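Written below as structure tokens is the structure these notes are about.
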Amino acid sequence: MDEPVLLTGANGRVGKAILRHLGDSFEWRLLDRAPLSAARRPEGIDEGDVYVADVTDREAVREAIAGCEAVIHLAGDPRPEAPWDSVLQNNIDGTQTMFEAAVEAGVEKFAFASSNHAVGAYETESRTPEMYRPEDDYRLDGTELPRPSNLYGVSKATGEVLGRYYHDHHDLSVVNVRIGNLTEGHPPIDYERGQAMWLSYRDCAHLFERCVLADYDYEIVYGISDNDRKYYSIDRAREVLGYDPQDNSAEWDGKEHVDGER
Ligand SMILES: NC(=O)C1=CN([C@@H]2O[C@H](COP(=O)(O)OP(=O)(O)OC[C@H]3O[C@@H](n4cnc5c(N)ncnc54)[C@H](O)[C@@H]3O)[C@@H](O)[C@H]2O)C=CC1
Ligand SMILES: O=C1O[C@H](COP(=O)(O)O)[C@@H](O)[C@H](O)[C@H]1O
């Protein structure tokens with residue numbers, strides 16, 4: 001990838017995982033409405049490539065995206081309990097602004113941070129907690145219709161549909177990553193569901209690296225590590241993106257791993 005990659009929401013947890021492991025891999029443009037601390041900014045990124053802006057600000061987004069070849073769009077309200085006003089503005093309007101600007105700027109690839117909450121209602125009373133356990137073979141694979149858990153999940157499903165529209169009508173390559181539960185250092189403790197959809201920091205970074213480098217049309221993939229417990233298939237991410245996760249919540253050794261690991 002010769003041209004810059006725009007990372008929105010760079011100041012958040014997913015942004016941290018990506019920049020920790022891929023800081024040197026691309027020429028980055030970083031955008032977040034909160035200022036990025038110097039410690040979080042990878043070496044070699046100068047002030048001019050860091051944008052403190054809201055993703056609903058069309059002019060600011062146009063400026064940040066100009067000349068970029070790919071976008072990783074993370075910015076948004078990540079709270080499962082977020083109210084409608086917030087997801088409407090930050091997640092739906094913000095994502096539409098990003099897609100529109102991407103098309104206008106001639107961006108080739110767009111990776112959208114979708115969520116497990118776009119499909120949370122598949123976790124019915126009759127399927128849980130068995131579906132969270134290693135011996136259970138129930139799998140969602142990305143071909144199913146959204147069944148959101150909450151209004152936040154509705155906003156993520158809407159982002160996926162916006163991507164479908166911009167792919168079909170403007171030929172943008174779009175990949176929606178339904179991220180599971182990103183937790184730093186170790187899988188969630190005493191939380192079977194979270195362990196089943198754990199995504200380690202290094203697998204997260206690797207997955208988004210593949211979203212920038214692989215060739216695809218329109219895809220929905222699950223973003224989890226290769227956990228023994230899983231109810232999301234990662235086959236599509238392996239096949240289309242070349243995703244090759246290294247971590248598995250079943251192998252947690254009881255120690256925290258930071259600074260370059262997990
Ligand atoms: N952390 C996780 O386990 C999961 C995260 N996701 C999605 O991944 C994305 C990133 O999530 P996290 O890093 O965990 O959240 P976070 O809250 O740590 O980071 C989000 C970042 O986006 C910025 N932001 C929010 N609204 C903005 C706006 N309107 N304009 C510009 N910047 C804005 C915030 O300042 C923040 O730095 C979100 O879209 C979230 O829905 C999806 C599934 C799981
Ligand atoms: O989409 C998201 O999902 C994760 C995991 O969901 P949870 O229901 O297990 O908490 C959540 O932590 C994150 O904040 C959210 O953006």
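The values are calculated or read from the model by the stated rules, or taken from the named source; none is laboratory data. Quantities reported herein were computed from a predicted structural model and do not represent experimental measurements. Every residue, glycine among them, receives a Cβ derived from its backbone with ideal geometry; neighbour counts consider all protein chains shown. Calculation scope for accessible area: heavy atoms of the full protein, side chains included, ligands and nucleic acids excluded. Shrake-Rupley method; radii C 1.70, N 1.55, O 1.52, S 1.80 Å.
A straight Cα-to-Cα reach below 19 Å connects K109 with the lysines K156, residues fewer than 8 places away in its own chain not being considered. Residues whose amide H comes within less than 5 Å of that of I179, counting only those at least five positions distant or on another chain, are S114, S115, N116, G223 (H built at 1.01 Å from N in the peptide plane).
Using a simple spin-label model with pseudo-atoms 7 Å out from Cα toward Cβ, E125 and Y218 lie 3.6 nm apart. Averaged over its residues, the chain has an accessible area of 43 Å² per residue, based on protein heavy atoms and a 1.4 Å probe. Between helix 201-213 and the chain there is an angle of about 50 degrees, using the helix long axis and the longest principal axis of the Cα atoms. Residues L88, L36, sorted by accessible area with the largest first, give L88, L36 [1.4 Å probe; ligands and nucleic acids excluded].
Considering only alpha-carbon pairs that sit under 8 angstrom and 6 or more positions apart, the relative contact order computed for the chain is 18 percent. Between the helical axis of 151-170 and the longest alpha-carbon principal axis of the chain there is an angle of about 50 degrees. Dipole of the chain computed with +1 at Lys/Arg Cβ and -1 at Asp/Glu Cβ about the Cα centre; of A53, V107, P83, farthest Cα towards the positive end is P83.
Solvent-accessible area assigned to carbon and sulfur over the chain amounts to 44 percent, based on a 1.4 Å probe.
Amide H contacts of L140 (H built 1.01 Å from N, in plane; Pro and chain starts excluded): Y232, S233 sit under 5 Å, all sequence-distant by 5 or more or on other chains. Restricting segment 126-209 to GluC sites (Glu not before Pro) that sit in a DSSP loop and have at most 16 other Cβ atoms within 10 Å of their own Cβ leaves E135, E144, E184. Simple point charges give the picture: +1 on the Cβ of Lys and Arg, -1 on the Cβ of Asp and Glu, and for segment 5-251 a dipole about the Cα centre of about 400 debye. Per the Cα gyration tensor, segment 5-251 maps to an equivalent ellipsoid with semi-axes of 28, 20, 17 Å, ordered largest to smallest.
The dipole here belongs to segment 100-218: it is taken about the Cα centre, uses +1 on the Cβ of Lys and Arg and -1 on the Cβ of Asp and Glu, and is about 200 debye. Shown in residue order for segment 26-33 are the 3J(HN,Hα) couplings computed by the Karplus curve 6.51 cos²θ - 1.76 cosθ + 1.60 at θ = phi - 60°: 9, 7, 9, 10, 10, 10, 7, 6 Hz (x for Gly and Pro).
Angle, helix 94-105 long axis vs. longest principal axis of the chain, Cα atoms, 0 to 90°, nearest 10? Between the helix axis and the principal axis of the chain, the angle is about 50 degrees.
Put the Cα centre of segment 117-142 next to the Cα centre of segment 207-262 and the gap is 18 Å.
Considering only A214, Y166, L140, the residue lying farthest towards the positive end of the dipole of segment 111-260 is Y166, judged by Cα position with unit charges set on Cβ.
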